[in-house]
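What follows is one structure encoded as structure tokens, with my remarks underneath.
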Amino acid sequence: MVETFPTSYSRGRRHFVGSAAALGAVMMSSVRAARAENMITLPFPEGPRSRPLTTAFPNKGEMILQRIRPPLLETPFEVFDQGILTPNDQFFVRWHLASIPQQIDVTTFRLMVGGHVNRPLSLSLSEVLELPRVELVAVNQCSGNSRGFFQPRVPGGEWGNGAMGNARWTGFRLRDLLDRAGVKAGAVQVQFNGLDGPTFPATPDFKKSLSIDHARDGEVIVAYLMNGEQMPLLNGFPLRLIVPGWYSTYWVKMLSHIEVLDRPDDNFWMKTAYRIPDTPGANVSPTETGYKTTPINRMLPRSFVTNLKTGDNVKAGATIDVRGIAFGGDCGVKNVGLSTDGGVTWITTKLGVNEGKYSFRGWRARVGVPASGVLTLSVRCTNTQGETQSWTPNWNPGGYMRNSIETTVLNIV
Ligand SMILES: Nc1nc2c(c(=O)[nH]1)N[C@H]1C(S)=C(S)[C@@H](COP(=O)(O)O)O[C@H]1N2
Ligand SMILES: [Mo]
């Protein structure tokens, strides 16, 4: 049966088993190696000041190491200057629970669909590969991407801007799978669970849910390939949910159980965790209490300069190329503006290839450098729904949904 898989599956599997068998040991040695190796300086207002870079995780290249177990690995920001698709081996990694399978037997793996359905399913990987194949480019962004910039500081993974990535995902529509199981009348949500689990029984297992209509919208997919290749173990091998336009907390990795619910999911990860103030931009003041909350959902527009960083030198009087990436959130990019005067005027940048409304979009502009002082570049994305980025950062106790205008300050020499 393995032979009917895409070649990358069987070829990848050997590689996968070989490299991931000693995941725990690899992770321990990675820290020792990393300590001795490069450190990266972090621009966070309230620390930490630096972190190690590591290359020791299976199927991963150089990553910023935030935590070993469960792994938190951030993409070094320069990677986003290489193109709008983030390479698999430098795609960020985030897990909540420490018990993560170190190998998957692709012959015995089963995807289960149960709950409020007419025909519960237990499908092998070769069976799911028979479902109509679809492809989509979409940004996977952690709800807490850029949390390290929050002031006042909030607890959680203190990410820079690299807890995001954009990939071409290949798989099948969740709707096709649910239709095969036959959703019963009265279904309200669909719950997703992966093969990872807690090390202490008291810790709630990581499960996320979408409304039945969202789950059946034809855009939510179950992916088995990432950028045309087998997904790295740490990004969810062999199957993961793709929820285009929504924060990646819903993008359940190592997806193994799908449960159709006839009542709203009240598990910890829906009812208590990953909730945002029900206010515009999920914004509240740090002293506010008693506001209504809602599960985090759609993403907001963001944009970044990728070829220059604060502190870089530029030549007085020169004309420079400025380029970067943007995304609209849960819709496309309408335009990306660049300002050198603190937002008094905006240059309309030239947009790059359109890989669909859920993808990163490249942009570029030419900018004249003044004779002296500093050159301040601010970048602002407006999406096709007319939503734009604001100057003032939002704040909430979860450190979620930061999307304010980014500014890069260059020294004129
Ligand atoms: N099974 C499982 N899926 C998961 C998680 C997890 O802890 N377990 N974390 C979610 C969160 S919060 C994020 S940010 C993304 C990270 O995806 P990545 O590691 O592929 O970048 O996975 C999501 N899917
Ligand atoms: Mo996340």
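The values are calculated or read from the model by the stated rules, or taken from the named source; none is laboratory data. Fair warning: this is a prediction, and the values are worked out from it, not measured in the lab. Note that we place each Cβ from the backbone using ideal geometry, even for glycine, and neighbour counts take in every protein chain shown. All accessible areas refer to the heavy atoms of the entire protein, side chains included, with ligands and DNA or RNA removed. Shrake-Rupley method; radii C 1.70, N 1.55, O 1.52, S 1.80 Å.
Couple of notes before you dig in:
- Segment 247-299-segment 346-413 distance, computed between alpha-carbon centres (Å): 27 Å
- With every protein chain in place, the chain: carbon and sulfur % of accessible area (1.4 Å): 51 percent
- Binned Cα-Cα distances of segment 302-412, short to long, each 10 Å bin given as a whole percent: 15, 45, 30, 10, 0
- Rg(Cα)/(2.2 N^0.38 Å) for segment 89-187, N = residue count: 1.45
- Exposed loop sites, defined as GluC sites (Glu not before Pro) outside DSSP H, G, I, E and B with at most 13 other Cβ atoms within 10 Å, are absent from the longest region of the chain, namely 131-287.
- q = 0.08, 0.11 Å⁻¹, the chain: log10 I(q)/I(0) [Debye, one scatterer per Cα]: -0.44, -0.85
- Lys, Arg +1 and Asp, Glu -1 on Cβ, resulting dipole of segment 302-412 about Cα centre, debye, nearest 20: 200 debye
- Among the listed pairs Lys208/Lys350; Lys184/Lys207; Lys292/Lys334; Lys60/Lys207; Lys309/Lys357, a Cα-Cα separation exceeding 29 Å is found for Lys208/Lys350; Lys292/Lys334.
- Leading residue at positive end of dipole, segment 287-345 (Cβ point charges), from Val336, Asn297, Leu308: Asn297
- One Cα centroid belongs to segment 210-236, the other to segment 77-142; the line between them spans 6 Å.
- Candidate cross-link partners of Lys271 among the aspartates and glutamates, defined by an alpha-carbon separation under 18 Å and a same-chain spacing of 8 or more, comprise Asp205, Glu259, Asp262.
- Positive-end residue of Gly368, Trp346, Gly61, charge dipole of the chain with Cβ unit charges: Gly368
- Low-density loop positions, chymotrypsin sites (Phe, Trp or Tyr not before Pro), segment 56-99 - DSSP coil, at most 12 other Cβ in 10 Å: none
- In the chain, excluding the sites themselves, the longest stretch lacking any of the trypsin sites (Lys or Arg not before Pro) that are in a DSSP loop with at most 16 other Cβ atoms within 10 Å is 185-291.
- Share, in percent, of DSSP beta bridges within the chain that are antiparallel, nearest 5: 95 percent
- Among Thr108, Trp95, Gln230 - extreme Cα towards positive end, dipole of the chain, charges at beta-carbon: Trp95
- Accessible area in square angstrom per residue, the chain, 1.4 angstrom probe: 41 Å²
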